[in-house]
1. Express as a percent, rounded to the nearest 5, the fraction of DSSP beta bridges in segment 126-261 (both residues included) that run antiparallel.
2. Sequence neighbours fewer than 8 away in the same chain don't count; with that in mind, list the aspartates and glutamates whose C-alpha is under 15 Å from Lys92.
3. For segment 131-261, with the dipole built from +1 on Lys and Arg beta-carbon atoms and -1 on Asp and Glu ones, taken about the Cα centre, which of Leu193, Gln132, Asn161 lies farthest toward the positive end?
4. Compute the long axis of helix 3-16 from its Cα atoms, compare it with the longest principal axis of the Cα atoms of the chain, and write down the angle in degrees, 0 to 90, nearest 10.
5. Which of the three applies to the chain, rounded, prolate or oblate, going by the alpha-carbon gyration tensor with a ≥ b ≥ c and a/c under 1.5 meaning rounded?
6. Mind pulling the per residue volume of the convex hull built on the Cα atoms of segment 76-178? Å³ is fine.
7. Which residues does the label zone of Gln32 cover in segment 51-71, counting backbone N under 18 Å from a point 7 Å along Cα→Cβ?
8. Return the percentage of antiparallel bridges among DSSP beta bridges fully within the chain, rounded to the nearest 5 %.
Amino acid sequence: MESDAIRKAWEEMAAALKDDATSTLRDQFQNQLEHEALFRTLKDSRGASLLDVGCGNGYFALAMAKTCSRVHGIDFSENMIAKANALNERRKEKNVVFTVADVRTFSLKERFDIATTKRCIINLPSHEEQIQAIKHIHTHLLPQGRLLLLEGFQDGYDELNIARAAFGLPPITQATYNLMIDTERFLRDIEGLFTVEHVEYFGTYCLFSRFVHPLLVAPKEPLYDAEENRKAFALQQQLGGIQRFSPVRLYTLRKLSGRKP
Ligand SMILES: C[S@@+](CC[C@H](N)C(=O)[O-])C[C@H]1O[C@@H](n2cnc3c(N)ncnc32)[C@H](O)[C@@H]1O
């Protein structure tokens, strides 16, 4: 899908978006696990400055306002930024600003302790643009700054689809505006820019909600809010996420200073 078409799609999706953490994700158990993982990773970030890239309705940026010294949310959709500003008119967080900007080309005067992306890099239509965006974010981080990248990875989908195929289930289809990150290429491309400090996986939840549950209810379509998914959610909270079968991952990357991207 072309970049302009992707932006248009997000402009339209913004209209339907609520003013809360439900985001554009249909699976609210997955959404909650992702939020919990982000907040857990950010628990030591009191007083830090934060850049939220692809901030959507601004919910996450505003949720970080009380912890962080300042928060800047950027998104290339004018409608999303209008939503975020409207939400902050009610919240009145003085240390939060929102700007319409594209992650591939944005240029801010400020530098940040932490940058976050949640399902934004996968909206870029090529692997080259994905790394270009990560490089832009890198230049906006302070020395030793952290990039928390919560995104989709193709090999996690491949593993789930292998398991599904073995039991006669069709492959999981992707939204046309998403391109999952190629893990090997990503790790090669960030070499010299970042060190990988930590990776959080969601494989326990995904294995049950995207493989076991569909198998139990086939040929019916599984429902996102089904009891099986609630149990898978509780299991992931209890056991943590296994590495395999985890299309979504939260990478904590630490900026290597003194090197040019
Ligand atoms: C899946 S939504 C996630 C929104 C928010 N991070 C959340 O979790 O609720 C992806 C967001 O990234 C934004 N986005 C996609 N491509 C972008 C780009 N090239 N530059 C800036 N924002 C972009 C979209 O407009 C959308 O708001």
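1. Rounded to the nearest five, the antiparallel share is 95 percent.
2. Within the straight-line limit of under 15 Å, Lys92 reaches these aspartates and glutamates: Asp19.
3. The listed residue farthest towards the positive side: Leu193.
4. Its long axis makes an angle of about 80 degrees.
5. prolate
6. Output value, Cα hull per residue: 143 Å³.
7. Within reach of a label on Gln32: 60.
8. If we restrict to bridges inside the chain, about 40 percent are antiparallel.
Only the coordinates and a few stated rules stand behind these numbers; no lab work does. Not measured: the values here are computed from a predicted model. All Cβ positions, even for glycine, are placed from backbone atoms using ideal geometry, and neighbour counts span all protein chains on display.
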